[in-house]
1. Using Cβ contacts closer than 10 Å as the measure, can you line up Met50, Met1 from fewest to most?
2. Could you list Phe63, Phe22 in order of exposure, starting from the residue whose Cβ has the fewest other Cβ atoms within 10 Å?
3. Just subtract the alpha-carbon distance of Glu64 and Asn6 from 0.36 nm times their residue separation and send over the number in nm, one decimal.
4. Quick one: length gained pulling Leu34 to Lys56 fully straight, 0.36 nm per residue minus the C-alpha distance?
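FYI, it's all coordinate maths here, none of it is from the lab. These numbers were taken from a predicted model, which means no experiment stands behind them. When we count neighbours, we look across all protein chains shown, and the Cβ atoms used for this are built from the backbone with ideal geometry, even at glycine.
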Amino acid sequence: MTVTDNGNGVPTSLREKIFEQFYTAKAAGKVADLGLALSAKIVQEHEGNMRDTEDKQLGGARFEVCLPLSTFSSANDDQAA
């Protein structure tokens, strides 16, 4: 899944930090965000990955979520049979 926008994007220097809990680039006193940290954690728990790049066409941010086709273990397969 890919989500893009045509905003200013995410500066390269912040790309690693934006996935940390409570990190915010907002002014002091504003509420910190959890959305990207929570999203990245959910994706990781499903054995996927999430990354931020620059959208070449729109010029803004581009977030890519990649998930495996199946994360069922052999134990789950035994229960389904």
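1. Met1, Met50
2. Phe22, Phe63
3. Gain on extension, Glu64 to Asn6, equals 19.4 nm.
4. Here the answer is 5.3 nm.
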